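**Q** Here you go, one structure.
A short reminder: the numbers here are calculations on the coordinates, not readings from a lab. Since the structure is predicted, the reported quantities are computational estimates derived from the model, not experimental observations. Please note: Cβ atoms are built from the backbone with ideal geometry, for glycine as well, and neighbour counts cover all protein chains shown.
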Amino acid sequence: MKARWVFLIAFSLVFYGTGAAFIEGFVNYSSWHLVGTTEFTLFHRFISPRVLTFLVAPLLMGTVFTILLLWFRPAAIPVQAVWLAIALQAVVWASTVAIQVPIQIELSANGLSLPLVERLIQTNFWLRRIPYAVCAGVFLWMASRVLRGVPED
């Protein structure tokens, strides 16, 4: 029973995070060039704590619960699928720390830079949205196994 709850929470957080991140990446980032240069710093500082609360924190908890699946997972889920989900999330976190956070810090400190926003959009797509969408697909596959009651291979 505990394994099913850990999986259900991880599944929910991964899908919540996928949706929230798609909105952030495909809706918000692409509109930043429309914010005036003088207003951008104030705007960016306003949204940053909200992004941390409603996007980053759930994504972090999703990763924690994904890792917990190594110990608490339904029998229908092979451990290799959990490791794949962890690896995909690790790509997202490595990109976040190494690329996106430094760009966000610079935007917050120095204001609007269209080349930085463009780099943020491109790296966000290839290094965060694609791996996390694949991770969501892995979770969907795991859920299908749980719902069918497929025994572990």
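**Q** Could you give the nm distance between label points at Ala94 and Trp126, where each point is 7 Å from its Cα heading toward the beta carbon?
**A** It is 1.5 nm.
**Q** Can you list the HN-Hα couplings for region 105-118, worked out from phi with the Karplus curve (6.51, -1.76, 1.60; θ = phi - 60°), rounded to whole Hz and with x for Gly and Pro?
**A** 4, 5, 5, 5, 7, 10, x, 4, 9, 4, x, 5, 5, 5
**Q** Then there is this: Given points 7 Å out from each Cα along the Cα-Cβ axis, report the Ile105 to Phe72 separation in nanometres with one decimal.
**A** That separation, rounded to one decimal, is 3.5 nm.
**Q** When 1/r is averaged over all different Cα pairs and the result inverted, which Kirkwood radius in Å belongs to region 1-145?
**A** Computed over Cα pairs of region 1-145, the Kirkwood hydrodynamic radius comes out at 16.0 Å.
**Q** Right, another one. Between Tyr16 and Ser48, what length comes free when the chain is fully extended (0.36 nm per residue of separation minus the Cα-Cα distance, one decimal in nm)?
**A** Going from the current span to full extension adds 9.7 nm.
**Q** Taking the Cα atoms only, what angle lies between the long axis of helix 2-22 and the longest principal axis of the chain, rounded to 10 degrees?
**A** For 2-22 against the chain, the angle is about 30 degrees.
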